[in-house]
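Participant: Below: one structure in structure tokens.
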Amino acid sequence: MEQRITVITLGVADLQRSVRFYEQLGWKRSDKSTGDLIVFDMRGILFALYPIQELAADVTIPHEPSRFSGITLAHNTYNEEEVAKIMAQVKKSGGSIIKPPQHTSWGGYSGYFADPDGYVFEVTYNPYWKME
């Protein structure tokens, strides 16, 4: 198996609410979207939204929500100001700020938010990584 991920799919409780949230952040739907599978092209990785009950049925595992899944998704920025700008847009779009942006022990700047279904994203600036 090659070392790569091609699609990340989040099971969501209310598909239209989730689509609205991401589109309010400025994301654009891909033409790969079909019916109740909404896809956003992330420059090499597809990010998809799909109804949670249908995803659980496809996986054949009952949906049993927990408080924290142990998974976070990250959006790396080019500077600290961009972190603050994105977090403000998240709040305006209906996301929940879990940890406001702050300087980190490793020398970066980072905060966490949850989307409408509770999926946790980090918005971060790492001065040691050059973003393409």
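Participant: Give, rounded to the nearest 20 debye, the magnitude of the charge dipole that the stretch 6-132 has about its Cα centre when Lys and Arg contribute +1 at Cβ and Asp and Glu contribute -1 at Cβ.
Facilitator: Values: 12 positive and 15 negative charges, 65 e Å.
With Lys and Arg at +1 and Asp and Glu at -1, about 320 debye.
Participant: Name the residue from Thr104, Met131, Met42 whose Cα lies farthest towards the positive end of the charge dipole of the chain, charges +1 on Cβ of Lys and Arg and -1 on Cβ of Asp and Glu.
Facilitator: Thr104
Participant: Name the long-range amide H neighbours of Thr9: under 5 Å, sequence gap of 5 or more, or other chain; modelled H, no Pro or chain starts.
Facilitator: Correct list: Ala48.
Participant: Calculate for the chain the 222 nm mean residue ellipticity that helices alone would give, adding -39,500 (n - 2.57) per DSSP H run of length 4 or more and normalising by residue count, nearest 500 deg cm²/dmol.
Facilitator: -7500 deg cm²/dmol, from helical runs alone.
Participant: Expressed as a whole percentage, what fraction of the accessible surface of the chain belongs to carbon and sulfur atoms when a 1.4 Å probe is rolled over the protein heavy atoms?
Facilitator: On the chain, the fraction of accessible area on carbon and sulfur atoms equals 53 percent.
Participant: Leaving out ligands and nucleic acids, and using a 1.4 Å probe, what accessible area per residue does the stretch 40-132 come to in Å²? Let's see the in-between values first.
Facilitator: Values: 6190 Å² over 93 residues.
In whole numbers, the stretch 40-132 has 67 Å² accessible per residue.
Participant: If you don't mind, there's one more thing I want to ask. With an 8 Å Cα cut-off and a minimum separation of 6 or more residues, compute the relative contact order for the chain in percent.
Facilitator: The normalised contact order for the chain reaches 22 percent.
Participant: Select from Ile61, Tyr119, Thr9 the residue farthest towards the positive end of the dipole of the chain; place +1 on Cβ of Lys and Arg, -1 on Cβ of Asp and Glu, and compute about the Cα centre.
Facilitator: Tyr119
Participant: How much of Met131 can a 1.4 Å solvent probe reach, expressed as accessible area in Å² and rounded to 10?
Facilitator: Looks like 80 Å² after rounding.
Participant: Rank these by accessible area, largest first, 1.4 Å probe: His103, His63.
Facilitator: His103, His63
Participant: Also: How big is the charge dipole of the stretch 39-88 about its Cα centre, in debye rounded to the nearest 20, if each Lys and Arg gets +1 on its Cβ and each Asp and Glu gets -1 on its Cβ?
Facilitator: Result for the stretch 39-88 is approximately 60 debye, rounded to the nearest 20.
Participant: Moving on. I need the Debye-formula profile for the stretch 62-132: one equal scatterer per C-alpha, no solvent, reported as log10 I(q)/I(0) at q = 0.22, 0.24 1/Å, two decimals.
Facilitator: Treating every Cα as an identical point scatterer, log10 I(q)/I(0) equals -0.93, -1.05.
Participant: Let me ask something else about it. Are there any chymotrypsin sites (Phe, Trp or Tyr not before Pro) in the stretch 68-132 that are in a DSSP loop and have at most 15 other Cβ atoms within 10 Å? List them by number.
Facilitator: Answer by residue number: Phe68, Tyr78, Trp106, Tyr128, Trp129.
The values are calculated or read from the model by the stated rules, or taken from the named source; none is laboratory data. Model, not experiment: these values are computed from the prediction. Positions of Cβ are generated from backbone atoms using ideal geometry, with glycine treated the same way; all protein chains shown enter the neighbour counts. For accessibility, only protein heavy atoms count, side chains too; no ligands or nucleic acids. Shrake-Rupley method; radii C 1.70, N 1.55, O 1.52, S 1.80 Å.
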